[in-house]
1. Regarding segment 133-148, can at least one residue be identified that is among the aliphatic types (A, V, I, L, M) and either over 27 Å from ALA81 (Cβ atoms) or open to solvent by 30 Å² or more (accessible area, probe 1.4 Å) (or both)?
2. Would you say VAL211 is at pLDDT below 95, away from ligand 2 (no atom under 15 Å from the Cβ) and over 22 Å from ASP97 (Cα atoms)?
3. When you scan segment 185-223, how many residues do you find that are touching a strand residue (DSSP E or B) at 6+ places or on another chain (Cβ under 8 Å) and among the basic types (Lys, Arg)?
4. Which members of segment 95-116 meet the condition of being assigned to a loop (DSSP other than H, G, I, E, B) and surrounded by 20 or more Cβ atoms within 10 Å (Cβ to Cβ)?
5. Among the residues of segment 118-132, which ones are crowded, with 20+ Cβ neighbours inside 10 Å and within 16 Å of ligand 2 (Cβ to nearest atom)?
6. So which residues in segment 154-201 are assigned to a strand (DSSP E or B) and either open to solvent by 10 Å² or more (accessible area, probe 1.4 Å) or at pLDDT below 95 (or both)?
Amino acid sequence: MQPSPIIAPSILAADFARLADAVHDIEGAADWVHVDVMDNHFVPNLTIGLPVVQSLRRATAIPFDVHLMITDPERWAPGYAEAGAHNVTFHAEACEDPVALAKTLRAAGAKAGLAIDRDTPVEPYLELLPYLDTVLIMTIKAGFGGQKFLPEMLDKVRDVRRRIRAKDLQVRLEVDGGVAADTIEQAAEAGADAFVAGTAVYGAENPAEAVRRLKALAESVTVRA
Ligand code: DX5
Ligand code: ZN
């Protein structure tokens, strides 16, 4: 049986002038808060970095799910683990030795996640699952919020879920990009059990209510599975 679903609102879609309020808005409803770190190099967009994560960390007890869309994650990722992030996810496309970095992150006290961007096949990474705590399948091209969910990415989700089941692994399978009330069920059916949602949460009138709605939809699928 899949573990109960996690909803991770992405503050990329929140007001950057009031990030602490944005996190408080989802307290009690969200399981993780998803923090998109972009370096204007790995992706053509620039967001926030370690000092902001350190400050925001002190403003909430919600576990941080840090998504590093940066080059040279070996150099920067451990800092996020030391800052108290629950999960630190780096990109397969940016990392020479994902197993080594995963070990470093775990040694620093964080869960280790590997992200697979839209144009990257997942097969070469299936062997690495025992060294990972999270696999993040991008359901858009990494870089910007508000893009349209790509259902064709769900084949990768199915492949990873099949391997997790076959090997009886404890790995969270996360989807990121365009996740909303009209797409979350198909992602859950494919085997995802962690769901990043930016626009669908912070674009809503009531972010906490939006989180609860997404969670209920994901749970309805998990129960059927
Ligand atoms: C984009 C980020 C996503 C983004 C998702 O590269 O990784 O986490 O915030 O935003 P939505 O939910 O609006 O697609
Ligand atoms: Zn993300």
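1. Checked segment 133-148: no residue is among the aliphatic types (A, V, I, L, M) and either over 27 Å from ALA81 (Cβ atoms) or open to solvent by 30 Å² or more (accessible area, probe 1.4 Å) (or both).
2. Values: at pLDDT below 95: no; away from ligand 2 (no atom under 15 Å from the Cβ): yes; over 22 Å from ASP97 (Cα atoms): yes.
Considered against the rule, which asks whether it is at pLDDT below 95, away from ligand 2 (no atom under 15 Å from the Cβ) and over 22 Å from ASP97 (Cα atoms), VAL211 comes out as no.
3. 1
4. Correct list: CYS95, ALA110.
5. Once the filter is applied, which keeps residues that are crowded, with 20+ Cβ neighbours inside 10 Å and within 16 Å of ligand 2 (Cβ to nearest atom), segment 118-132 yields nothing.
6. First pass over segment 154-201, keeping only residues assigned to a strand (DSSP E or B): 172-176, 194-197.
Answer for segment 154-201, where residues must be assigned to a strand (DSSP E or B) and either open to solvent by 10 Å² or more (accessible area, probe 1.4 Å) or at pLDDT below 95 (or both): ARG172, ASP176.
The values are calculated or read from the model by the stated rules, or taken from the named source; none is laboratory data. A quick note: this is a predicted structure, and the numbers were derived from the prediction, not measured. So basically every Cβ, Gly included, is an ideal-geometry build from the backbone, and we count neighbours across all protein chains shown. Calculation scope for accessible area: heavy atoms of the full protein, side chains included, ligands and nucleic acids excluded. Shrake-Rupley method; radii C 1.70, N 1.55, O 1.52, S 1.80 Å.
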